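Engineer: What follows is a structure written as C-alpha cells; I'll ask about it next.
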Amino acid sequence: MKAITRDIYIADEIRFQIERNEYKPHDKLPSERQLCDVFKSQRTTVRLALENLVKEGWIYCKENSGYYVSEPRIIETLNVVSSMSGRINTLGKKMHRKVLYLREVESNKKLLKKMGVALGTKLYEFGRVRYLEDEAISLETAYFEAKDFRGLLEKDLVNNSLFTILEKDYQVKFVQGEQEIIVVNANEIESKYLNVPKHSPLVLRRGILYTKDREIKSFHESVMRMQRFIYADGD
C-alpha cells in the first residue's frame, strides 16, 4: 500500500473542511504561513497541497492575494444516465443553453463505428453550449437516428431539456450507456465557445446511450471545463 505523503494529507484535510462547509465558495483560505503552523509542515509541502487542490478544482488562486474556495462542482455520474439540468438545479444556480445547430446529416465513417449504423443513414445532429450563470461550462453534441425522432427539428430545445423532450414527446428514456472520459486539449472551436485558451485541458465525455431494451441509441459527446465537474460512481 502506498503511504500517504504529508501534502496529500493536508489536501485531504482542507478538502474535508470545504465539504463540511467550514469554508464556503469564495472564502479565503488561511495564508501559506498560517497553514504551515496549523499542519506543522514546511511551506513547500503546504504549497504542493494547495497546488493539487487548484488542479482538482476545489480552490483557485488570486495573484498577490491568496487561495479561495471554488464554486461547488457539478457531479457527473459515470454509470447513471440523467439530465444535467436537474443536477445543476440542486446547486441553486441558473443554467441556460445556446443552441448552435439542429440539423439532418448523413452517417460518416466515425459515426458508422460509434453508432453501428449504415453509411449514409439519416441522423439528427444537435449541438449546443451550456452555461452556468454567465460561464460556458460545456460544449455538447448528440446524434440520433432521424427515423426514431420525427419532428425533433421543430422542438424548442433552447428552453427545454433534451432528455425531457425525448421522454415526454417520444416516450424514449436513455437509462444505460457505454461511455469513456478522457482529458483533451482545447481545439480552436472549443476554445471559442468555452472561452478558454487554446490547448488548455478539458474533459471529454463520449459514448453511446441506450433505452432499456437497447432498441434506440444515441451517440453523445461533451467537452467540459475541468474545474466545473467532479466524476463519481453512480451506485
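Engineer: Over the chain, with a Gaussian network built from C-alpha contacts below 10 Å, which listed residue (Lys40, Lys122, Lys217) shows the highest mean-square fluctuation?
Structural biologist: Lys40
Engineer: Related question: Can you give the relative contact order of the chain as a percent, counting alpha carbon pairs under 8 Å and 6+ residues apart? Write down the numbers at each step before the final one.
Structural biologist: Numbers: 401 pairs, mean separation 43.9, N = 235.
Once normalised by length, the contact order is 19 percent.
Engineer: Here's a follow-up. Using +1 at the Cβ of each Lys and Arg and -1 at the Cβ of each Asp and Glu in region 142-194, identify which of Phe174, Leu157, Phe144 lies farthest towards the dipole's positive end.
Structural biologist: The residue sitting most towards the positive pole is Leu157.
Engineer: What is the distance in Å between the Cα centroid of region 15-54 and that of region 104-168?
Structural biologist: Region 15-54 and region 104-168 have Cα centres separated by 42 Å.
Engineer: Which option, [x] 65, 41, 32; [y] 50, 48, 27; [z] 56, 41, 34, is the value of Cα extents along the principal axes in Å that was calculated from these coordinates?
Structural biologist: The listed entry that was calculated here is [x].
Engineer: For region 15-76, what is the charge dipole size about the Cα centre, in debye to the nearest 20, if Lys and Arg each add +1 at the Cβ and Asp and Glu each add -1 at the Cβ?
Structural biologist: Details: 11 positive and 10 negative charges, 40 e Å.
The dipole magnitude comes to about 200 debye.
Engineer: Under unit Cβ charges (Lys, Arg +1; Asp, Glu -1), what dipole magnitude, rounded to 20 debye, does region 93-175 have relative to its Cα centre?
Structural biologist: 240 debye
Engineer: Pairing the Cα long axis of helix 43-56 with the longest principal axis of the chain, what angle in degrees results, from 0 to 90 and rounded to the nearest 10?
Structural biologist: Orientation of helix 43-56: about 10 degrees from the principal axis.
Engineer: Using helices alone, what [θ] at 222 nm do you get for the chain, with -39,500 (n - 2.57) per DSSP H run of 4 or more residues, divided over all residues and rounded to the nearest 500? Please list the in-between numbers first.
Structural biologist: Numbers: 7 runs with 65 residues, N = 235.
That comes out to -8000 deg cm²/dmol.
Engineer: Shifting gears a bit: How do the peptides 209-215, 19-25 rank, highest first, by the average count of neighbouring beta carbon atoms within 10 Å per residue?
Structural biologist: Details: 209-215: 12.9, 19-25: 11.1.
My ranking of the peptides, most packed first, is 209-215, 19-25.
Engineer: Once the piece of chain linking Ser200 and Val105 is laid out straight, how much longer is it, given 0.36 nm per residue of separation minus the C-alpha distance between them?
Structural biologist: On the way: separation 95, 0.36 × 95 = 34.20 nm, distance 3.00 nm.
Extra length available between Ser200 and Val105 comes to 31.2 nm.
Engineer: If you don't mind, another one. How would Lys110, Lys94 line up by accessible area, probe 1.4 Å, largest first? Could you put the intermediate results ahead of the total?
Structural biologist: Working: Lys110 95, Lys94 150 Å².
Per-residue accessible area, sorted high to low, gives Lys94, Lys110.
Engineer: Okay, moving on. Can you give the angle from 0 to 90° between the axis of helix 6-19 and the longest principal axis of the chain, with both taken from C-alpha atoms, to the nearest 10?
Structural biologist: On a 0 to 90 degree scale, this one is about 60.
Engineer: With a 1.4 Å probe and all protein chains left in place, how much of the accessible area of region 87-172 comes from carbon and sulfur atoms, in whole percent?
Structural biologist: The C+S portion of the solvent-accessible surface of region 87-172 is 47 percent.
The values are calculated or read from the model by the stated rules, or taken from the named source; none is laboratory data. The shown structure was predicted, so the numbers you read here are calculated from the model rather than taken from an experiment. Note: ideal-geometry Cβ built from the backbone for every residue, glycine included; neighbour counts use all protein chains shown. The area values use the complete protein model at the heavy-atom level, side chains included, leaving out ligands, DNA and RNA. Shrake-Rupley method; radii C 1.70, N 1.55, O 1.52, S 1.80 Å.
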